[in-house]
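Peer 1: For reference, the structure I am asking about is given below.
Throughout, read-outs are computed from the coordinates displayed, never taken from laboratory work. Everything quoted here is computed from the prediction, not taken from an experiment. Here the Cβ positions follow ideal geometry from the backbone for every residue, glycine too, while neighbour counts run over all protein chains shown.
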Amino acid sequence: MQQKQPSSPATTRPGPSRRFCVAPMMDWSDRHYRYFARLISQHALLYTEMVTTGAIIHGDRSRFLGYNAEEQPLAIQLGGSNPEELAQCAALAEQAGFAEVNLNVGCPSDRVQNNLIGACLMGHPALVADGVRAMREACKLPVTVKHRIGINGRDSYAELCDFVGQVKEAGCETFIVHARIAILEGLSPKENRDIPPLRYPVVYQLKQDYPGLEIIINGGLDSLALAEQQLAHVDGVMLGRAAYHNPWLLADVDQRFYADPAPRPDRLQVLAAMRPYIARHIAGGGNMNHVTRHMLGLFQGLPGARHFRRTLSSDIHRTDDPLALYDRLMADMQARMAKRDCSL
Ligand SMILES: Cc1cc2nc3c(=O)[nH]c(=O)nc-3n(C[C@H](O)[C@H](O)[C@H](O)COP(=O)(O)O)c2cc1C
């Protein structure tokens with residue numbers, strides 16, 4: 001499908017539009033998911049999983065900075081706090097062609113806290129500001145920060161403003177705010193995405209108090225209707241789990257958030273468009289499941305959804321010819337959709 005330039009009705013800011021963003025999600029928003037998501041929405045801004053500065057500097061760069069050109073507009077999310085390392089990675093991200101570099105100040109995992117990565121950095125606003133300043137000096141990309149509204153022990157609105165104020169002074173103009181605090185001890189990262197209550201009004205207040213900043217709200221937005229309502233208060237939305245589990249939700253994003261009159265794709269077209277991608281992945285030595293595990297929710301809510309999900313989650317492990325299984329599944333789903341259309 002043809003790539004279009006994102007339009008940005010809400011903002012004149014340079015760089016990609018963040019009116020609708022798909023969240024960075026470790027192990028989920030990998031390049032295969034993003035390729036698939038891009039077939040459904042041409043405009044949503046996609047984020048990579050968090051990549052640590054250590055992985056980029058010392059690891060396999062082509063793996064950590066690699067993506068398919070079709071995924072653009074694409075932002076990379078970095079995990080780290082050492083300003084020199086962040087600067088080095090921001091420069092590499094720019095060379096690799098990313099549209100934005102984002103710093104993770106929201107991940108509550110113990111593993112990352114030990115390395116001063118993620119949500120614990122909300123307790124170190126000056127260090128985040130130094131990192132942002134260093135990244136801005138090292139590249140021309142927009143540098144953005146994704147953070148929480150606080151952490152346990154540092155969860156007042158004044159402390160949130162202190163954080164945002166210091167990071168803003170370092171030149172960050174875009175803040176993606178997960179509207180709940182992170183509890184750094186005693187809760188798993190998964191629990192930290194559900195247990196601390198969502199407090200959207202705190203994010204709205206931030207926008208009122210810093211009208212010049214671009215504020216993107218995140219957390220618990222599970223429908224486009226709910227996401228659209230946010231635009232009365234903030235500049236954009238970021239959806240994570242809903243966009244992953246129910247990817248077809250992205251099908252209305254271009255029309256509803258970007259006023260793009262192009263007709264939306266249909267599920268069967270997307271299924272067909274994934275086939276050459278999957279074939280290339282297999283030809284390169286990959287496993288079909290690496291790609292199709294992200295597609296399980298494509299028919300959610302429709303007849304045949306269970307068959308689709310089961311074929312790609314269990315039958316796939318019992319076949320020697322995964323592409324033939326995929327072709328049969330496409331034919332099955334086509335037949336089921338045709339039957340459904342006739343019965344409407
Ligand atoms: C499986 C998974 C992995 C995640 N990994 C990251 C990550 O790498 N970086 C990050 O900033 N947030 C990460 N998050 C948090 C999401 O970006 C998002 O802030 C959170 O899920 C709340 O949004 P939602 O309610 O729309 O899912 C992850 C979430 C999930 C479910």
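Peer 1: On a C-alpha basis, how far is the centre of region 168-198 from the centre of region 59-104 in Å? Whole number, if you could?
Peer 2: Answer, in whole Å: 21.
Peer 1: Let me ask you something else. Compute the long axis of helix 200-209 from its Cα atoms, compare it with the longest principal axis of the Cα atoms of the chain, and write down the angle in degrees, 0 to 90, nearest 10.
Peer 2: So the inclination is approximately 50 degrees.
Peer 1: Return the FRET efficiency for the residue pair SER156, ASP315: r is the Cβ-Cβ distance, R0 is 45 Å, and the value is rounded to the nearest 0.05.
Peer 2: Efficiency computed from Cβ-Cβ geometry: 0.30.
Peer 1: Then there is this: Which parts of region 162-198 would a label at HIS233 reach, counting a residue when its backbone N lies under 18 Å from a point 7 Å out along Cα-to-Cβ?
Peer 2: 175-182, 194-198
Peer 1: Looking at region 122-226, which trypsin sites (Lys or Arg not before Pro) are in a loop (DSSP not H, G, I, E or B) and have at most 16 other Cβ atoms within 10 Å?
Peer 2: Here the trypsin sites (Lys or Arg not before Pro) that fit, given the DSSP loop and packing criteria, are LYS140, LYS190.
Peer 1: Enumerate the calculated ³J(HN,Hα) couplings along region 168-178 in order (Karplus 6.51 cos²θ - 1.76 cosθ + 1.60, θ = phi - 60°), each rounded to whole Hz, writing x wherever the residue is Gly or Pro.
Peer 2: Running phi through 6.51 cos²θ - 1.76 cosθ + 1.60 with θ = phi - 60° gives 5, 4, 7, x, 7, 10, 10, 10, 9, 10, 6 Hz.
Peer 1: Now, a different point. Kindly express, to the nearest 10 degrees and within the range 0 to 90, the angle between helix 31-40's C-alpha long axis and the longest C-alpha principal axis of the chain.
Peer 2: 70
Peer 1: Let me ask something else about it. Tell me, in nm to one decimal, what length is gained between ASP266 and ASN246 on full extension, where the rule is 0.36 nm per residue of separation less the Cα-Cα distance?
Peer 2: Result: 5.8 nm gained on full extension.
Peer 1: Here's a follow-up. Dipole magnitude of the chain about its Cα centre, charges +1 at Lys/Arg Cβ and -1 at Asp/Glu Cβ only, in debye to the nearest 20?
Peer 2: 920
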